[in-house]
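For reference, the structure discussed in these notes is given below.
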Amino acid sequence: MKKFKKVLLALPIFVVLCLYFFHHFCSLLTCYSKEETSLDFDHSALVKAPGIMFVETTDRVEPSPLAVCSVESASLRNPDKHVYYFLKGFSGNLSHYPHSQYEAIRVLSLLRNVTVFPLRLRALFRETPLNSWYEQVNPFWEKYWIHVLADACRLALLWKYGGVYLDTDIISLKPLELQNFLCAEGYQTANNAALGFEKNHEFIWECMQDYVRNYEGRTWGYQGPALMSRVLKRWCQSDNLGQFFNLQCKGVSYLSPNYFYPISYTHWESYFQRWKKSSIETFFSETIGAHIWNFKNVRQRKQVITGSGTLIEYFFSQHCPMTYKLLIKRVS
C-alpha cells in the first residue's frame, strides 16, 4: 500500500517532467515556437506596394526547393510585381546566411523583384481581430500549429497590405492579374492557398473575425478551407457555392478549381508521374498556378528528379529554371 501511495505521489512529477522534456524537444524542432518580440517592428516600412506574398511559419530559414520554385515562378511570371517572402526565422540580414551553407537563400537573393523579410507575428496581428487569439493561444497544445498560424498570417497580411497570397507549393504558370478573389477546391469547398484582396477588404475582416470566433485548431483545415467556405456562404447568402464558379459575389470573384487546383489533393501523385508535353499544355490551359499539395507528400517525400520526365520536373525546368539548375540538377 505504501508503494502504491509513493507511485501516486510521484506520478504528477513524472508527468510534469515528461511534458517539460517533450516541450523542450519540440522547441528544438521549431514545431511549437511562438515569437515573443516587441511590437515595435513595422512591416509597412518594408512592404512598399501590394505584391505577391509567401509565408514560412516555422523557424526554418533555408526553404525547400519547392518553396524556392514557387517564389521564383511567381517572380518570373510577374516581373513587374513585388514578390515578398516572409520567414519567421529570418533575422532580416542576408549577410547572416553565407551562400556556401544557404543555397536556397542564395537563389532567392538573385531574383530581382524578390525581397526576403522577417515575419514578426505580434506586430503583424496587432490591431486585427487575430491579436486576441494570438495572445491567448498556447502552441504547445496545438496539433497543427504551423498550419493554423499560416492561416492567420495570410489574412493579416492581406488585410494590412493587400495583394496576392500564395502557398509555397503553388508553382505559377501565368501572370497574376486577379483582384479580390478566392478559388474553389471542389464544387462546394473554397480553399485559401491562393487569395487576392485589396487592402482593408471587408471580406478579409470577416474571415479574421470568424477565425477567432469559431477557432478549432484540432480539426485539419478548419481555419483554412473550411473557414473560407463558411465566410463565402454568408457573403453570398447561399449554401450552394458551386453556382458562383467564375462569377462575382458582392465584388469578390469565386474562381473554378482549374485556376489553382486543376489536380485535386486526392490525385496529388499525378505531379510525380510522366506526362506528355502536349497533354500538359492542354490540361493546364486555364491554370494560373498549380497547387502541388505538398502536405500529402510529407511521408512519401517524393523528389524532383532530373531526367525523370515527370510533370513536376517539367514545371521546375520551365517555370523556375534557376531553382532547377542550382538546387535540383546540381545534386542529381
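The values are calculated or read from the model by the stated rules, or taken from the named source; none is laboratory data. In this text, all values refer to a predicted model and were calculated from it rather than measured experimentally. Neighbour counts run over all protein chains shown; Cβ positions are idealised from the backbone, glycine included. Remember, those area values only see protein heavy atoms, side chains included, never the ligands or the DNA or RNA. Shrake-Rupley method; radii C 1.70, N 1.55, O 1.52, S 1.80 Å.
A Förster distance of 30 Å, applied to the separation of the beta-carbon atoms of residue 80 and residue 246, puts the FRET efficiency at 0.75. With all pairs of separate Cα atoms included, the chain yields a Kirkwood hydrodynamic radius of 21.1 Å. Here the sum of -39500 (n - 2.57) over DSSP H runs of 4 or more residues, divided by the residues of the chain, equals -10500 deg cm²/dmol at 222 nm, to the nearest 500. Between residue 202 and residue 138, the simple label model (points 7 Å from Cα in the Cβ direction) yields a spacing of 3.9 nm. Here the peptides 143-156, 78-91 are ranked by packing, the mean other Cβ count within 10 Å, and the order with the highest first is 143-156, 78-91. Using θ = phi - 60° in the Karplus curve 6.51 cos²θ - 1.76 cosθ + 1.60, the 3J(HN,Hα) couplings for the range 308-313 round to 6, x, 7, 4, 5, 5 Hz; x is entered for Gly and Pro.
Using the Cα centre of the range 249-296 as the reference point, and only Cβ charges (+1 on K/R, -1 on D/E), how large is the resulting charge dipole? Debye, rounded to the nearest 20. Here the size comes out at about 60 debye. Annotation: amide H of residue 55 within the under-5 Å range of 86, 168, sequence separation 5 or more or interchain, hydrogens built in the peptide plane. Average projection, convex hull of the Cα set of the range 196-332: 10.7 square nanometres. Once C-alpha pairs closer than 8 Å and six or more residues apart are averaged by separation and normalised to the residue number of the chain, the relative contact order reads 18 percent. Label positions at residue 60 and residue 308, each projected 7 Å from the Cα along the C-beta direction, are separated by 1.7 nm.
How much of the accessible area of the range 97-254, probe 1.4 Å, is carbon plus sulfur, in whole percent? After summing per-atom areas, the C and S share lands at 46 percent.
Built from the Cα atoms of the range 63-124, the convex hull projects on average onto 4.4 nm², one quarter of its surface area.
Computed over the Cα atoms of the range 80-154, pair by distinct pair, the Kirkwood hydrodynamic radius stands at 14.4 angstrom. Between residue 113 and residue 299, the distance separating the two model label sites (each 7 Å from Cα on the Cα→Cβ line) works out to 4.0 nm.
For the range 94-218, the square roots a ≥ b ≥ c of the C-alpha gyration tensor eigenvalues yield an a/c of 1.5 or more together with a/b not exceeding b/c, which makes the shape oblate. Residue by residue, the range 161-172 carries 3J(HN,Hα) couplings of 10, x, x, 10, 9, 10, 5, 7, 10, 10, 9, 6 Hz when phi is fed to the Karplus relation 6.51 cos²θ - 1.76 cosθ + 1.60 (θ = phi - 60°); x denotes Gly or Pro. The lysine pair tally for the range 236-332, using Cα distances under 25 Å and a gap of 8 or more places or different chains, is 11. Heavy-atom accessible surface of the chain, averaged per residue, reaches 50 Å², computed with a 1.4 Å probe.
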